[in-house]
Amino acid sequence: MTQETITALATPPGRGGIGVVRISGPKVPEIASSLLGQLPEPRYATFSKFLDIDQGIALYFPAPNSFTGEDVLELQGHGGPVVMDLLLNAILTLGVRIARPGEFSERAFLNGKIDLTQAEAIADLIDSSSKQAAHCALRSLQGEFSAHIHALVDQLIWLRTYIEASIDFADEEIDHNANGQIFEKIEKLIIELDEILEKAHQGYLVKEGMHIVLIGEPNVGKSSLLNSLAGRETAIVTAIPGTTRDIIRDQIQLDGAMPLHIIDTAGIRKTNDPIELEGIRRTKLAMKEADLVILLQDEDGSFNKELLKEIDDKPRLTIRNKIDISGQTAGFNSKGVLYISAKTGEGIPVLKTYLKNQMGLQANTEGNFMARRRHLQALQSAKAALTIALTHNNNHTELLAEELRQAQQHLGQITGEFTTEDLLGEIFSSFCLGK
């Protein structure tokens with residue numbers, strides 16, 4: 001792949017003050033001579049004419065000291081769409097092809113300039129929807145997440161070396177758990193993994209937010225609660241039961257820090273209406289995928305208790321709505337039931353505070369880094385392998401060694417040490433062009 005030279009527009013398409021075209025690959029010196037009449041001095045901004053198409057700043061970064069690890073040329077010209085198209089077409093005639101989405105970052109990864117978490121952080125930084133998300137993505141891009149993973153891997157390598165030496169040199173009677181130190185180190189590793197998981201989970205929440213499903217009988221105020229949290233009329237509100245037939249999704253920023261995905265569902269009741277039945281079916285599916293289920297009730301607290309059996313493993317909050325009618329005081333009672341009025345807004349600030357605390361979002365995100373679901377899964381799998389390793393005694397040295405190997409492999413998947421082409425394709429295909 002690195003024998004091909006690629007190019008792409010690095011600035012958004014459309015009219016702008018500046019347009020940037022990037023070129024990476026072995027033909028860069030030849031292309032620079034053709035376009036500019038010379039190869040610019042490395043890492044110096046050089047004012048140049050781009051043939052008879054445009055003029056602007058040219059920057060040349062020779063391999064290996066460039067973002068991709070290859071020869072890179074960046075042309076900064078005027079950002080008119082016609083000018084940029086003419087420049088790109090001129091470059092394409094010189095034996096260059098248009099880069100795939102994320103291909104510049106992919107080459108940087110494949111050439112060892114960045115690891116996989118840093119590559120993903122580039123896209124996360126671009127897509128940041130809040131100040132906190134941008135800070136977390138920048139820390140990942142600067143290698144903070146990777147440093148934690150590499151430190152864990154280094155400890156695992158030491159443990160594996162000691163354990164496998166006791167297997168390979170059994171005649172030497174090496175005690176693979178001399179003075180209990182091996183298991184103590186594994187316990188310490190699990191504690192460190194938990195700390196990293198907490199920070200990664202915080203970063204994941206800042207990036208992805210949490211998914212909340214509102215359930216309840218018809219006309220208990222689910223749509224009103226959605227509108228109250230969203231601050232706008234997303235769902236239709238009427239006194240007629242069964243108004244919401246399909247699930248309604250909305251996304252808000254909770255205190256500008258965390259995306260909150262709220263799903264308003266069809267009211268659960270006995271019915272023969274095929275449309276309502278389909279809505280109820282979709283409600284049950286949405287419940288299974290939720291991070292939190294909010295059970296909304298009227299002041300009488302009625303609900304189909306059989307349905308709750310389907311979400312026993314989900315965090316759940318029970319809310320009694322319409323305190324503007326019942327006269328109850330807003331807030332939690334001794335049984336953990338929250339009283340609110342979606343109509344007047346009473347108790348909504350308490351609900352927002354609960355949501356942040358329930359999902360573990362901390363007001364101070366300093367020290368956290370951006371993480372994706374695959375990172376969390378890999379960390380959890382590594383922890384599970386280490387937990388199993390603790391159960392093996394001196395008679396199961398081979399099993400202990402295997403669990404340590406599995407833990408290292410799970411961690412290696414985070415940074416890209418152990419990965420597959422399918423995973424790389426999925427990750428980089430979500431990038432924008434020119435990155």
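Here are the numbers:
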quantity	calculated
Selection within the stretch 329-357 - among the small types (Gly, Ala, Ser) and surrounded by 12 or more Cβ atoms within 10 Å (Cβ to Cβ)	330, 331, 341, 342, 345, 347
Residue in the stretch 210-224 that is touching a strand residue (DSSP E or B) at 6+ places or on another chain (Cβ under 8 Å), modelled with pLDDT under 65 and outside the structural domain of residue 383 (by TED's automatic domain parsing) present	no
Subset of the stretch 321-357 (residues that are on the phi > 0 side of the Ramachandran plot, free of Cβ contacts under 8 Å to residues at least 40 places away in the same chain and part of a loop (DSSP other than H, G, I, E, B))	327, 336, 347
Matching option when the condition is within 28 Å of residue 142 (Cβ to Cβ) and of a type in the set (Gly, Ala, Ser), among 90, 45	45
Helices (runs of 4 or more DSSP H) fully within the stretch 34-134 counting 3 or more residues that are out of contact with any Asp or Glu (no Cβ under 9 Å at 6 or more places or on another chain) and aliphatic (A, V, I, L, M)	81-92, 116-126
Residues satisfying the stated conditions in the stretch 8-39, i.e. touching a residue at least 24 places away in the same chain (Cβ under 8 Å), more than 39 Å from the chain's Cα centre (by Cα) and surrounded by fewer than 19 Cβ atoms within 10 Å (Cβ to Cβ)	30, 34
Set 81, 101: member being surrounded by fewer than 21 Cβ atoms within 10 Å (Cβ to Cβ), at pLDDT below 90 and in contact with a Cys (Cβ under 7 Å, 6 or more places away or on another chain)	101
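The values are calculated or read from the model by the stated rules, or taken from the named source; none is laboratory data. Since we're looking at a predicted model, the values are computed, not measured. Reconstructed Cβ throughout: ideal geometry from the backbone, glycine too, with neighbour counts over all protein chains shown.
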